[in-house]
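*Asks:* Following this message is one structure expressed as structure tokens.
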């Protein structure tokens with residue numbers, strides 16, 4: 001498959017379609033991103049790389065980082081993890097408090113905000129220096145020591161994290177948060193602030209396409225069974241309450257972030273990252289969803 005040519009063809013098609021949506025506004029720093037940015041990078045498990053557009057420019061990956069936090073927590077906790085967070089689609093907005101109260105402080109899945117906060121609480125308990133050790137984990141699996149948090153984004157998130165603080169307080173009242181709320185919230189805001197390029201994203205998540213083995217270092221990140229489960233959760237829950245639409249149109253496990261990025265995995269073959277900052281009403285990249293729908297249709301690479 002000539003991926004480079006295909007990316008060019010998709011870009012031409014997209015240029016004839018309005019890029020609707022808006023950049024994220026509830027985190028002030030994200031409003032400053034150029035809405036016209038557009039990048040794609042695909043990495044195969046046999047170490048072939050293909051880039052297009054702004055694929056080498058860093059952006060805030062936001063909720064995409066939740067996948068790596070889940071991978072690290074799963075490695076540490078194994079199946080005990082699921083005593084504190086579920087694996088079902090939420091069918092509600094990613095920051096809903098109503099569902100969390102109804103289900104007595106157990107989040108539906110690790111990718112809604114409440115679930116990711118529980119994962120952060122676990123990592124705060126298990127790691128001596130959560131921020132540094134998580135960053136080292138991210139750098140190691142991506143093979144890039146330059147990946148870092150963005151202090152401006154982290155601070156901007158922290159100053160507007162009233163609802164996330166409410167999630168933590170509610171879950172703590174049910175006994176599902178064990179650490180100091182401020183410590184967990186600070187770690188969560190830093191986690192979401194990580195800046196990566198499309199190339200770094202695709203390479204960093206490639207272990208999910210390779211049965212848990214990192215093709216860059218040939219080291220095992222997770223067991224095959226754990227990798228399968230994370231891919232399943234990405235398929236079911238990776239796009240807030242639009243996961244069914246993504247499965248229907250794209251047909252790959254994936255995860256989005258309100259920075260406009262999307263990572264998608266074709267197990268046994270490749271990982272692909274796209275970035276386009278304008279979001280649809282569900283908080284997913286409007287153009288990113290279109291890119292991946294065009295791509296999997298042309299390449300016939302849906303898992304279905």
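*Asks:* For the range 268-304 and the range 227-253, what is the separation of their Cα centres, given in Å?
*Replies:* With the range 268-304 and the range 227-253 each reduced to a Cα centre, they are spaced 11 Å.
*Asks:* Report the gain in length on full extension from residue 78 to residue 173: 0.36 nm times residue separation, minus Cα-Cα distance, nm rounded to one decimal.
*Replies:* Once the chain is fully extended between residue 78 and residue 173, it gains 31.7 nm.
*Asks:* Ordered by packing density, taken as the mean number of other Cβ atoms within 10 Å over each peptide's residues, highest first, how do 131-141, 17-27 rank?
*Replies:* Answer by packing, highest mean first, reads 131-141, 17-27.
*Asks:* How far is helix 130-142 tilted off the main Cα axis of the chain, in degrees rounded to 10, range 0 to 90?
*Replies:* Helix 130-142 and the main axis of the chain meet at about 20 degrees.
*Asks:* Rounding to the nearest 10 and keeping the result within 0 to 90°, find how far the Cα-based axis of helix 3-14 lies from the longest principal axis of the chain.
*Replies:* Here the helix axis deviates by roughly 80 degrees.
*Asks:* Using a 10 Å cut-off around each Cβ, can you sort 241, 2 from fewest to most neighbouring Cβ atoms? Show your work: numbers first, answer last.
*Replies:* Values: 241 18, 2 9.
Ranked by crowding around the Cβ, least crowded first: 2, 241.
*Asks:* Continuing with this model, one more query. Rounded, prolate or oblate for the range 18-130? Axes are the square roots of the Cα gyration tensor eigenvalues, ordered a ≥ b ≥ c, and the cut-off for rounded is a/c under 1.5.
*Replies:* Cα axes put the range 18-130 in the oblate bin.
*Asks:* Can you give the angle from 0 to 90° between the axis of helix 113-126 and the longest principal axis of the chain, with both taken from C-alpha atoms, to the nearest 10?
*Replies:* The two axes meet at around 70 degrees.
*Asks:* Now, a different point. What whole number of Å gives the distance from the Cα centroid of the range 1-62 to the Cα centroid of the range 161-212?
*Replies:* Using only Cα atoms, the two centres lie 23 Å from each other.
*Asks:* Order by neighbour count: 155, 13, fewest other Cβ atoms within 10 Å first, most last.
*Replies:* So the residues, fewest neighbours to most, are 13, 155.
*Asks:* Separate question: Would you order 162, 294, 74, 248 from fewest to most other beta-carbon atoms within 10 Å of each residue's own beta-carbon?
*Replies:* If I rank by nearby Cβ atoms, fewest first, I get 162, 248, 294, 74.
*Asks:* How far apart, in nm, are two points set 7 Å out from the Cα along the Cα-to-Cβ line at residue 133 and at residue 25?
*Replies:* The modelled label-to-label distance comes out at 4.1 nm.
Coordinate-derived values only; no laboratory data. For clarity, every value in this text was computed on a predicted model and none was experimentally measured. Glycine also receives a Cβ, built like all others from the backbone with ideal geometry; neighbour counts cover every protein chain displayed.
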